[in-house]
Structure formats: C-alpha cells, structure tokens
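Asker: One structure coming up, written as structure tokens, with questions to follow.
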Amino acid sequence: MTTATAIDIEKIRAQFPILHQKVNGKPLIYFDNAATNQKPKQVIDALVNYYQGYNANIHRGIHTLAEKATKAFEETRHSMQKFINAKHVEEIIFTRGVTESINLVASSYGRTFLKEGDEVIVSGLEHHSNIVPWQIVCNEKKATLKAIPITKVGEIDLDAYKKLLTNRAKIVAINHASNSLGTINPIKEVIQLAHEVGAVVLIDGAQAAAHLEIDVQNLDCDFYCISSHKMYGPTGAGILYGKKSILEKMPPYMGGGEMIKEVTFTKTIYNDLPYKFEAGTPNIADVIALNEAVCFINTLGKEQIAEYESELLSYTVEKLSSIPSVKLIGTAKEKVAVQSFVIEGIHHFDIGQMLDARGIAVRTGHHCTQPLMDSFGIEGTVRASFSIYNTTAEIDELIDGIKRIVNFMKP
C-alpha cells in the first residue's frame, strides 16, 4: 500500500488507547467506524481537563472559570467554521449531532415554509434520521415525501431525480455519503439542480466529515449537518451549518435560556444567531473536545486520510470478492471506506457474532436504512467500515474469519 509508507500507522494507532486491548481473548479489530469511530488521547484529555480544571457554565458568568470555558467553547465554533469554510461564524450552530440538526431544520424551517401540496425529496440511500423527521412535518403540513430511486450498484438515479424536481419541490435532503453502502453522492450537482427549481438543500454529512473535503460555500448547500463522534470527537455533539440569510428567517427550535434577549410575560425577543438555536446549557465538554478532533484531522490531512482509507477499501473488496459465497452490497464507483456484504445461506447476525468471538467488531443489521435494504430485497448486511488506524493485517484477520465461518456453516 503506497500511502502506508507516507504515514506511520503504528504512531497513529498509539494515539488511540481503546485499540490496545483484547476482546474475547483476541486483539481488538474495530471495523465499526461508520457507527462511531474511536477517540485519540488528545480528545479524551480535553474532556478530562475541562472537568478537572475549568468546569463552568458558559456565556453567562464573568468569573475566571466561566470565561475560560466560554473561550474554549467558542474556539471550537471558529474551528468548525474553517473546517467547512462557512462564510460567517454565526452560521455554525451546536447541536447533539446530525439527527438533532435535521430535526431542527425539519421542525423550524419545514413547519414555517412548507405548505399543503409541497414536496420534500430524499434519496433511497438515507438513514432513518433523514427520513422520519421529514415524514413528520410532511404529515403535519399535508406535503408529500418522495424518494430518489437508486441503481443496482447503490448510486442515486440522477435522471429520476431530475424528473422529481418540479415547482412543488421545496426541500431536498440527501446524504453526502451513505452509511450503509459508502456511496459518495454527487451533491454539488444535486444542489445545483434543486436550486434551479427554488428548493433548499440539506446535506447529511455524518459519513463525510472525517473523510471528505467539505466547502459549504463551494457546494452552495443551504444546510450541512455533522456529528462529532464520527470524526474522532465525543458523542452528543455536532453542528448544523445554515446560510445566515435562511437561519435568520427561521423561528427557534427550542425555548429557554441563551436563546433570548429579553423575556416578559407578554413577549420574548430572541437572541441573535447562532444563540437563537442554542437553548439551555449546551454540551460544553464535548464541544470543547471536538476542537481537538478537528486538530487531529487537520494534522493528518483529509486527502491523506481518504487515500489511505480508499486503499483499505480496495484491499477488502479484492479479498471479499475471492470468496464465492460472499455477495457485495453497494459497488458504487465513488465510495468512502464502507463495504456491506452478505454470505449465502448464513444470517448476518450469526456472522457478526462469530466474528466478535475472534475480537472483530463489525456492524450487522439494516443500519437504520430499512428502505434501502428493501430495495435490495434483503433484511440486512454485514458492514465493515474503516478508519485511519486500521491495517491490512486486520483485514486479513477479517477475511480469514469469514472463510472459517463459511467452511464451518457448510451443510
């Protein structure tokens, strides 16, 4: 592998304490990175340092600890602005992650601007988090939810998408990369086509943030959602990016502290962006630690991360394809490092349990994409997903485990 010579994988692995343990008596091999990836020590240390050194509520206090915590919290906002090239720092809104970000937009923007007869378009590749919130608001507003069909290799059908784009289409919500198949969607083209009919576009960037370059100004998306825990940061934190001009027109998602300027029993004056959408005490520690995750990614470089992970994926596809009873699910040309597969005659749950006995963590099931599984006529898959700290030696162990399972389960 060419990139492996350019980066020191063992040095990278040494930064992740959780990797250096045994599971069921075997060295841990972690291939469930699409669900959540592991955290480098600098992220863990940032959490500990906050709680041990300057735990305080933010924005409201004038004492030293509060000011230090506020400064660290807002530094992450500026880091995330640069990370996705947002034009204004106030376009970065902290949420609990992609799910809350999508719900915020569906609730605030959707309830405000959707009308009876309007249409919301999603794709057949979407996570339930990018389907259910739109179903809820469509049901309330008597709008219609429509899905872009996908091809046999797991790509969206662009011709079918173009036909869906009528003057009734008001919102398009699509992922940057599929959590189940790894497919990278042509989101710039998707966005441009949607804008031509006057629709706004939300991008679910959960599977993209740690792997792909994101420039929201170049993409011209209206909303972009990111989860911290899928980019080496803590759980329970993330961002919603929104164009300032749109966010200013949206009502608050929740009421409470911080999102107000003035409250009386007859009227409330809402705060400026981004605080209008950040009611209550936020997840301070995890937002602060997210900054360290951004630093980790920036130090390695996304291009180098993506190249190495692509090599891991190619290696895996080659090895899996050599096993006759294995069928690959999702073979799009452009992918992040995710590969789903099934084995003829063996349930995916059984495969997952038998691999776990060998210390190999993979994900099994429908991956919160039941409509996608239905389109392939299957209940679920085994999904192996890779990160910068994985190795070809670990993949060899996975392949050996699969071969042993196939031989063991033969009638």
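Taken together, the values in this text are just the output of simple stated rules run on the coordinates, not laboratory data. Being a predicted model, the structure only gives us computed values, none of them experimental. Using ideal geometry, Cβ is built from the backbone for each residue, glycine included, and neighbour counts are taken over all protein chains shown.
Asker: Tell me the net charge near Arg77. Cut-off is 13 Å between Cβ atoms, Arg77 excluded, with +1 for each Lys or Arg and -1 for each Asp or Glu.
Answerer: -3
Asker: Hand me the trypsin sites (Lys or Arg not before Pro) from the stretch 29-128 located in a DSSP loop with no more than 10 other Cβ atoms within 10 Å, in residue order please.
Answerer: Listed in order of number, the matching sites are Lys115.
Asker: Still on this model: Relative contact order of the stretch 207-310: what whole-number percent is it, with Cα pairs under 8 angstrom and at least 6 residues apart?
Answerer: Relative CO of the stretch 207-310 lands at 29 percent.
Asker: Using a ≥ b ≥ c from the Cα gyration tensor of the stretch 120-230 (square roots of the eigenvalues), is it rounded, prolate or oblate, where a/c under 1.5 gives rounded and otherwise the larger of a/b and b/c decides, a/b for prolate?
Answerer: Verdict is rounded for the stretch 120-230.
Asker: How long are the semi-axes of the equivalent ellipsoid of the stretch 45-298, defined as square roots of 5 times the Cα gyration tensor eigenvalues? Whole Å, largest first.
Answerer: That gives 32, 22, 14 Å for the three semi-axes.
Asker: Here's something else I'd like to know. Check each of the GluC sites (Glu not before Pro) in the stretch 248-313 and keep only those in coil by DSSP with at most 16 other C-beta atoms within 10 angstrom; list them in order.
Answerer: Sites meeting the loop and neighbour criteria: Glu248.
Asker: Whole Å is fine, so just give me how far the alpha carbon centre of the stretch 93-159 lies from that of the stretch 332-411.
Answerer: One Cα centre to the other: 28 Å.
Asker: Return the long-range amide H neighbours of Ala169 (sequence gap of 5 or more, or a different chain), with a cut-off of under 5 Å between placed amide H atoms.
Answerer: Result for Ala169 returns Glu119.
Asker: Let me check I've understood the local charge: for Lys244, count other residues with C-beta under 13 angstrom from its C-beta, Lys and Arg +1, Asp and Glu -1. What total comes out?
Answerer: -1
Asker: When DSSP beta bridges are limited to those with both residues in the chain, what percentage is antiparallel, rounded to the nearest 5?
Answerer: 60
Asker: Report the relative contact order of the stretch 1-149, percent, no decimals, based on alpha-carbon pairs under 8 angstrom and at least 6 residues apart.
Answerer: It rounds to 12 percent for the stretch 1-149.
Asker: Based only on Cα atoms, what Rg/Rh ratio does the stretch 291-380 have, Rh being taken as Kirkwood's radius?
Answerer: Here Rg/Rh amounts to 1.03.
Asker: Helix hunt in the chain: which complete DSSP H runs extend at least 18 Å axially by C-alpha with mean Kyte-Doolittle at least -1.0?
Answerer: Correct list, ordered by number: 64-84, 284-300, 302-321, 392-408.
Asker: Right, another one. Name the shape class, rounded, prolate or oblate, that the alpha-carbon gyration tensor gives for the stretch 1-118, where a ≥ b ≥ c are the square roots of its eigenvalues, rounded holds for a/c under 1.5, and otherwise prolate holds if a/b is larger than b/c and oblate otherwise.
Answerer: The shape class here is oblate.
Asker: Continuing with this model, one more query. Sketch the reach of a paramagnetic label on Tyr51 as a point 7 Å from Cα along Cα-to-Cβ, and name the residues of the stretch 263-306 whose backbone nitrogen lies under 19 Å away.
Answerer: From the stretch 263-306, the list is 281-293.
Asker: Let me ask something additional. Counting other C-beta atoms within 10 Å, and keeping those with at most 10, which DSSP coil chymotrypsin sites (Phe, Trp or Tyr not before Pro) do you find in the stretch 245-325?
Answerer: Phe265
Asker: Would you tally the net charge around Arg383, using a Cβ to Cβ cut-off of less than 11 Å, leaving Arg383 out, and scoring K and R as +1, D and E as -1?
Answerer: Net charge around Arg383: 0.
Asker: Additional query: What number, in percent, do you get for the relative contact order of the chain if the mean sequence gap of Cα pairs under 8 Å and at least 6 apart is divided by its residue count?
Answerer: About 22 percent, as a whole number.
Asker: Per DSSP helix of 4 or more residues, -39500 (n - 2.57); summed, then divided by the residues of the chain. What does that give at 222 nm, rounded to the nearest 500?
Answerer: Taking each H run of at least 4 residues, the total per residue is -11000 deg cm²/dmol.
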